[in-house]
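Working notes for the structure below.
The values are calculated or read from the model by the stated rules, or taken from the named source; none is laboratory data. Note that the structure is a prediction, hence the values are computed from the model and not measured. Note that each Cβ is placed from the backbone with ideal geometry, even for glycine, and that neighbours are counted across all protein chains shown. Ligands, DNA and RNA are stripped out before the accessible areas are found, and what is left, the full protein with its side chains, is counted by its heavy atoms. Shrake-Rupley method; radii C 1.70, N 1.55, O 1.52, S 1.80 Å.
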Amino acid sequence: MLSEQICYRGYIFIRYPESKNRTDRVYFAGWVGKKKYILHVFKYESEVGVIEKGFHVHHKDGNPLNNDICNLESVSRKNHAKIHFDNMSDVDKQNKINILINK
């Protein structure tokens, strides 16, 4: 399977652009000691500090491949969901609502 690699602070992070799994397709991930990290989360924690419980690291420009520290911010889980929901097409919004209703 095709993969891309990034080395950050001596650790290798890999993504698989052709993966069926969205997380593997969109984000670089790697092992730091015994813990698996997504690159943007590890980078944020390394350069800014610990992420508060209930918060996510968000890519400000919406591009998950732009892991420049200036493009990363910590936002509450609720606000993070709202940001992404507001940026969805109407069809995607309705599909998401249907999924949530039918859980």
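Descriptive notes on the structure:
- Residues that are within 20 Å of C7 (Cα to Cα) and of a type in the set (S, T, N, Q) within the range 25-76 comprise S46, N63, N66, N67, N71, listed in sequence order.
- Selection of the range 4-43 for residues being open to solvent by 30 Å² or more (accessible area, probe 1.4 Å) and part of a helix (DSSP H, G or I) yields R22, T23, D24, R25, V41, K43.
- Near pairs, Cβ below 6 angstrom, 6+ apart or cross-chain, from the range 59-82 (within 13 Å of L39 (Cα to Cα)) to any residue that is hydrophobic (A, V, I, L, M, F, W, C): P64/V26; N67/L39; L72/V57
- Checked against the criterion of being surrounded by 11 or more Cβ atoms within 10 Å (Cβ to Cβ) and at pLDDT below 90, the candidates M88, M1 yield just one match: M88.
- From the options N79, N63, residue that is modelled with pLDDT under 95, out of contact with any strand residue (DSSP E or B) (no Cβ under 6 Å at 6 or more places or on another chain) and assigned to a loop (DSSP other than H, G, I, E, B): N63
- Given (1) at pLDDT below 95; (2) over 14 Å from the mean Cα position of the chain (by Cα); (3) not hydroxyl-bearing (S, T, Y), number of the condition V48 does not satisfy: (1)
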